Structures are given as structure tokens and as C-alpha cells.
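Reviewing the structure listed below.
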Amino acid sequence: MALRAGNPRRDYSGVAVAVPVTVPYVRYSIETAHWWIGRALAALVSQAGITLADIDGLSVASFSLAPDTTIGLTQHFGITPRYIEFLPMGGASGVMALRRAARAVQSGDASIVACVAGDTNHVDSFRRSLSTFSRFAQDAVYPYGSGGPNASFALIASNYMRTYGATRADFGKLAVAQRQNALSYPHALMKKPLTLDEYMSARAISPPIHLYDCVMPCAGAEAFLVMSEDIAQSLNLPFVRMLASIERHNAFADDAIQHRGGWVMDRDDLYGQAGLTPDKLSFIQTYDDYPVISMMQLEDLGLCAKGEGADFVRANSFTVDGTVPHNTSGGQLSVGQAGCAGGFLGLVESIRQLIGEPLGRQVRDARVGLVSGFGMITYDRGLASSAVLLGEASKRKAVSA
Amino acid sequence: MTEPLSRPKRKNPLKRTRLPLSPQPMRSRAAHLLTQAAAEGRFGLPTCLACGHHHYPPRDACPKCLAAEIVMAPASDLGQLAAATSVEVAQDLYFRERTPWRLGTVVLAAGPSVVAHLHGDCAEGDRVRLSWRLDRSGNAVAFAEPAVTTPNMSDDSQWREMTNDPKFRRILITDGRSSLALALAKALAQAGASLIFVGLADAWKPFPEMDAFKRIPGVEILPLDLTDSDSVTELAGEIGARVDILINTAEHIRPGGLTERTGVTLAREELEAGYLGLMRLAQAFGPVMKFRGADGANSACAWVNLLSVYALMSWPAYGVYSAAQAAVYAAALSLRSELRSGGVRVMNVFSGPLDTDWFQTVPPPKVAPAQVARAVVDALMKGIEDVFVGDVAEDIRARLAKNPKALERELGQ
């Protein structure tokens, strides 16, 4: 840690994040991950008004791309990038892709980086991916009832509830608010309102995890472009700026059971970079693979103190038009979890909100958004945490006829 | 509290037999450190040889100092159950048939947190004891049980999945004339076995223990000659679908090495009774037992081979016998792999010289048949697959692990 003093953090000036793309999700797909990523890339090119050859950086996040990685996709798609990245990091992949692409653009290693997350979902692919997700999962998780992440997070949630006094109804409030947000978002797979009663009486999956705590695995893709501000302006693209970002892996390894994430180690750095405090946020997008994890992020990212997540939830509404707008497109709980695209969902939605072009309802006076990433439960806890503050948007200029 | 197991009802012959499925069997090489411990019923944790740090799940480098030498070292098996859940929706077919399936996070006093299968009598916050058990795929899993014994503890359904408890099971002891047979029948009856078939070859020959056998509840004496394929096949046709635990007590002990004998007649008899006897049993009983690996509370579950510890290293004083035992052992390992997909565990029980006539000139310590019988029942109840009975067997095992070449010379002196 002491060594870090000799390596001061650089800011993200000059970096533009633009062209939010969603390839509409489906529950099951007969297509491959290659297909979904290809559709996203095509949408990026056409919406940016560039050619495929203009993309000189490609960052891909996917769980279902095997045996390929990004390098195979260059030939598959006929592009010749000078920067590639492969980030099969689930819920942390969006912020991680953005951070890396931003540095590549700042340094001039690439001019326009396409960041794409795409996964397919075949009828049997969820079960297959669970047993081989990680070596620790193979050795020490899957043979224990094969409940997948539902069971792993049930243990985390049960411990959290007992320690901090959160209740299922608190988690339910987050899920219900997200569903309300999702009702105006066209690509959400869940299209019907959810009541707290329905949440509470849903069938048990792995108590205390019940049906509406769980995301629905699906196929889909999310993407955005990272480029220099100059290029974005010359293309007349609306964009947002990165005010700050953090990333941490395997934090608090000695905690016997996970009750906090790596954000706690880095949040002062995050808000310090941006010169902001949490009360200045227009909205927050957490990684909502289980509402308990969203509650943990609200605490660990400083919106409330540790252990006060439940009180904070009781005191706010979390809807787009309420207090602390949260997961404003509905989050994965309502939109669906398209593999790694789930890690891009909040980021893509945040770009849309900040440039004033949401697909659903607009957050009033959206100036600064916090996007948090979390993921990769290879044994008993999510290993990756990440966050980015986005703001200072450059909105679309009115084009005269 | 665990609901006591009730005697399984007679099977409806019109109903389809539930086919055995396996929990996911893939493991890393490092994880088989646990399999080794589970096979012998030992507890320990993956431990760094350099800095002594315990860790879990098993790794290829120490997460404290990055040293590469990781061994299984003794550690306290006590911990606290920090969180528990029961899986209602499982992905794996094996677990789908068995939901709700309980598991929990055990924070061990020795350090690591272990996600473990959970005995029904453990609640969050409880002190629990952790052990490594073999699951139906034959691989090690962590199992948490209450730190203090609770009523009917071994009747817990998840516990029974890991073990081969003789309670309400039907047993075949293949050779009633073996010096171990009577002691085994008594011990198994006491452990709650519902039926004990005892094979008897050459019924016309005197069988002085007949009355003693008949006094044991549940014993049924049936003709079985392990050296006769027809006899084995015939009995399998009659009772094969009712044998839940097969205990092969075949025994043929004669002293001497290769040069001390004339001709191969004795050696052939040893192979007939031991090696070929096992093969006949495997062919006749193996398939049906494998098929019945998930057939309710009294499913087929175990196949026990009673072996001399000299199967693992030749004892030249009984050199030809050692060779025949080595053949049985090698075949047993193959059988273990062949029956695994049915969830039937092959258990090898190694003992030193028994306190019987054929080891008359061998000095003590020797193993009493009742001691072997107790060890067999105990190992079945714990689900162990490699069992060493008595001081000599333990001694040979330790010396073999330390330096096989030294043991070879020592046994030859």
C-alpha cells in the first residue's frame, strides 16, 4: 500500500463514453454468443455513424463464447483492432471494460473501443455453466446440492439478515421498486407489476432466497463505445464523462462469511477523485444479483452506514421519480440476466439517463450517476467489486433541417 | 430432532426402480487430498508445509505465503454454523430427487469457512463437527453434524446418503465357513440389518457353527460355492435383487513362498476362492446391485472385501497367499470404479494375521474376528472405503506410506 504513494492516480479527462446499445433479450436463444455480440457490434457501428474499420479496440465480456475469446472474434467479424480485451467477469465486467478502454483511449493505444457484453442462453446452458464455473465451484460448491448462486447467496443473505436485522420485506421493497421502474423500459422480460405480497408469498428457492430475489437467466447483449472527447464531438455523439472509478478483487478475504464488498476499501478514493459526496448522486445502479447484494452496495458505497441498509431502504422509494432512483431500467431482477451483459446493464442505462435519452422514464435532473459492479462468486463470496461515477454529459445537439 | 427411520415397506414389483444418479464427480487433483482423508475416515485440512496455514477449498499454492507444498494436516474439526439454507430448486438431477437439501457455512475454529452438507439437527449458530465423507459419486464432501450426539442421528436422510448404514439393510455374507462370518453376522444383526444371508458351500460337510448362526435373528443359510460359477449365478438369481450389502468373506490361507511349495495346485485353489471367486460374485451380483443403488432407504450401497494387509506388500512367509490377495485387491479396485456409477461403495478391509488356526505359528498381536466385525460395521456406518484393522495392519500401512522399499526388505527378513 505504501508503494502507491509513488504512483498518483490519473484522472479520466478526455474520455467519452457514448452510444448505449441493447440487443433485446430473449429467455432462450438458439443463437450463439458470437451472434449476440455481432448484433451489438453492428448496432454500435450504425448508431455511431462510423464504419466497422473505425473500431480499433474491442473489449468483450462473455461466459458462453467458448472456445473463442476476443481474438477469435476479430476474424469472425472482420475487424483489425490494435487493442483487444476479454473480460468474462460477470457483474463486474461493465465497469472493468470501461476502465481499461478509457486508459487505452487516453494513452492513444486505441481511438474507438467497442465494449460489448453478450451471452446466449440455451435450454440447458445454465446448469452446464454452473458445474464448471470455477475450480472452487467444481470442487467445493456444485456438489453441495447444486443450488447454484441461489444457495450461495442464501447463505450470505441469511447471515446478513441475522447480523443486521434486515428482513425479507426490505429486500422486497427494492425488488418491487425495480419492477415499477421496469414497466417503462421496453426490453425488460418482466412486464407485469410486482406487489410486495407477491414477493413475500413467492415460492422458496433456497431460503431466505425466494423466487423474486432471483434473476432470470436469458440471452442478450449490451454495449457502448469509449473514445476521445474530440472524436465524439466530431461525430456529433452525445456522451458522458468518467468522474471516477474503482475496482477491487478478493477484498476482506479473512471475513468468515461475506457481509461487505471491496467498495469499502476504495470508496473514499472514488468520491475523492470526483470531488463528490454520495448525497450528490442523481441515481445509483447497483448490481442486483439478489436484493441483499444491492443493500450491501448501498452501505458499502456510503449511501448509508454499515448495518443501516434496511433503515435506508425503509426511508426511500428507489423509483425513477422517487427518492434515490435505483436500477432505473428495472435491473436484472426485472430485465433479465443475459450472462455478462448483466454487468453492463446499469452502465448502459446510466449513459442513456445522463445524455437524456432513456428508453424508459427519465430521472429528473440527472447529472451524476453511480454504477456499481459486483460478481464472480467462485466459492463462497463475490470476489469482484467495481464502481464508476459518470457525469458532465454532453447531450445531443439539435440538428437543423 | 431426527425422525427415526421406519422399516422400509415391501417393494411394489410393478413400480419402476429409481435409477441411481450421481452428484457431480469432477474434482481437481488437490481436492483428492480430501478424498484420501474421507476414504479412511480421517479429518484434516489442506495445510501449507512452509507456514502451517490451513486453507479451504484446496489450492495449489498457499494463500498466505504462496509456497507450493500443500499437505493434509490434522486440525480441529469443530466450528460454528454461521448460515444455513435448504436447496429447494436444484440444477443437478441427483439433488432434484432429494430436495430440500440442506447445506451451510461452517466457520472452523482452525480458520477456513467451509460450505458443507448439513445434518438435519444443526441450526444456525450451533457448534458443529465437520468431517469429510464420500458422497455417492465416491468423492469427498464436507459434512457438518451436531457437536453433541442427538437421538436417531444416523437416520438423517442426508447422512444416510453418505454412509452405508446396515440398519434395515439386507446383507450377504458369502462364505459362512470363514473364521469371520459368525462374528460379522452377530455384529450386523446388532446394527439393525433386517436380513443376513449366509452362503454355505458343501452343505454335506460338517458345519459346527450352524446352531450359533441360527440363533441370530434374520439369518438365512443358503447354498453358495464361490469356486463354482453355476452356484454363484443361481444364488444371485434367487436373492440378487435383495442384497444391499455384500460382504465377501472368502478365505483360503496357506503358508509358504513360491519355492517352498511343489506344483501349483494350492496356488490355483487360492486364486479360485479369492480372485476368481470375487470375479464370479462381481459378474453375478454387481450389475443388479449397481442397478439398485438408489432403490429407497434400503438401496444397494456397499460391497465389502475382507483382505489381508499383505495384499499391499508381499509377506514372503505367506508369499503365495500374499500374491493371491494382491490379485483380489487389484480386482477390487477395478470393481470399485465399476460400481461407482451405481453409488455402490466398494470397501476394502485390511487386517493383519487373524487369531485363527492358519496363523498358529505367527506371534501376536493378532486380530480377533470380533474386532474385524466391529470395524466392518463401524466403517459401513461412517461410509469409509479403506479400513485398516488392528495394530499390524496400521503398522504396515504406516511403513508402506513412509518407505515401501524398506517395508519390502523388512517383511523379507
Of the conditions (1) open to solvent by less than 20 Å² (accessible area, probe 1.4 Å); (2) farther than 23 Å from B:ALA37 by Cα; (3) not acidic (Asp, Glu), the single one that B:ALA323 does not satisfy is (1)
So B:MET153, is it away from every other protein chain (no Cβ under 13 Å) and in contact with a helix residue (DSSP H, G or I) (Cβ under 6 Å, 6 or more places away or on another chain): no
Per the filter on segment B:337-354, residues under 24 Å from B:GLU272 (Cα atoms) and open to solvent by 20 Å² or more (accessible area, probe 1.4 Å) are B:SER337, B:GLU338
Inside segment A:239-274, the number of residues satisfying the requirement of being part of a strand (DSSP E or B), open to solvent by 30 Å² or more (accessible area, probe 1.4 Å) and within 18 Å of A:TYR287 (Cβ to Cβ) is 3
Residue match in segment B:174-197 (condition: over 13 Å from B:ILE247 (Cα atoms) and aromatic (Phe, Trp, Tyr)): no
Does B:ALA193 meet the test of being away from chain A (no Cβ under 14 Å), open to solvent by less than 20 Å² (accessible area, probe 1.4 Å), touching a residue at least 24 places away in the same chain (Cβ under 8 Å) and of a type in the set (A, V, I, L, M, F, W, C)? yes
Keeping to segment B:1-43, report how many residues are in a loop (DSSP other than H, G, I, E, B) and acidic (Asp, Glu). 1
With respect to B:ASP121, is the statement that it is over 21 Å from B:ALA140 (Cβ atoms), more than 7 Å from chain A (Cβ to nearest Cβ) and modelled with pLDDT of 95 or more true? yes
Residue hits (segment B:132-155; closer than 11 Å to B:VAL106 by Cα and open to solvent by less than 20 Å² (accessible area, probe 1.4 Å)) are B:ALA142, B:PHE143, B:ALA144
Scan segment A:133-180 for residues that are assigned to a helix (DSSP H, G or I), without any contact (Cβ under 8 Å) to a residue 24 or more places away in the chain, touching a strand residue (DSSP E or B) at 6+ places or on another chain (Cβ under 9 Å) and crowded, with 21+ Cβ neighbours inside 10 Å and jot them down. none
Kindly indicate whether B:PHE168 is of a type in the set (Phe, Trp, Tyr) and either in contact (Cβ under 8 Å) with a residue 60 or more places away in the chain or touching a Cys at 6+ places or on another chain (Cβ under 8 Å) (or both). yes
Failed condition for B:VAL198, given (1) open to solvent by less than 10 Å² (accessible area, probe 1.4 Å); (2) within 30 Å of A:ALA140 (Cβ to Cβ): (2)
Unmet requirement for A:LEU211, which otherwise passes all of (1) buried (at least 24 other Cβ atoms within 10 Å of the Cβ); (2) under 26 Å from A:SER134 (Cβ atoms); (3) not acidic (Asp, Glu): (1)
Those residues of segment B:355-391 which are more than 24 Å from B:ARG336 (Cβ to Cβ) and either open to solvent by less than 20 Å² (accessible area, probe 1.4 Å) or β-branched (Val, Ile, Thr) (or both) amount to B:THR356, B:PHE359, B:THR361, B:VAL362
Checked segment A:194-208 for anything more than 14 Å from chain B (Cβ to nearest Cβ) and open to solvent by less than 20 Å² (accessible area, probe 1.4 Å); matches are A:LEU194, A:TYR199
How many residues are outside any loop (DSSP other than H, G, I, E, B) and surrounded by fewer than 22 Cβ atoms within 10 Å (Cβ to Cβ) when one looks only at segment A:284-309? 0
Filtering segment A:26-50 down to residues that are farther than 27 Å from A:GLN233 by Cβ and open to solvent by 20 Å² or more (accessible area, probe 1.4 Å) yields A:VAL26, A:ARG27, A:TYR28, A:ILE30, A:GLU31, A:THR32, A:HIS34, A:TRP35, A:ARG39
If we keep only residues of segment A:310-342 that are free of Cβ contacts under 8 Å to residues at least 60 places away in the same chain and among the β-branched types (Val, Ile, Thr), then the residue surrounded by the most Cβ atoms within 10 Å (Cβ to Cβ) is A:VAL324
Every residue in segment B:103-118 that is facing another protein chain (nearest Cβ under 8 Å), farther than 23 Å from B:CYS48 by Cβ and over 21 Å from the mean Cα position of the chain (by Cα), please. B:LEU103, B:GLY104
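The values are calculated or read from the model by the stated rules, or taken from the named source; none is laboratory data. All of these numbers come straight from a predicted model, not from anything done at the bench. For neighbour counting, all protein chains shown are included, and Cβ atoms are generated from backbone atoms with ideal geometry for every residue, glycine included. In case anyone asks, the SASA skips ligands and DNA or RNA and just uses the protein heavy atoms, side chains included. Shrake-Rupley method; radii C 1.70, N 1.55, O 1.52, S 1.80 Å.
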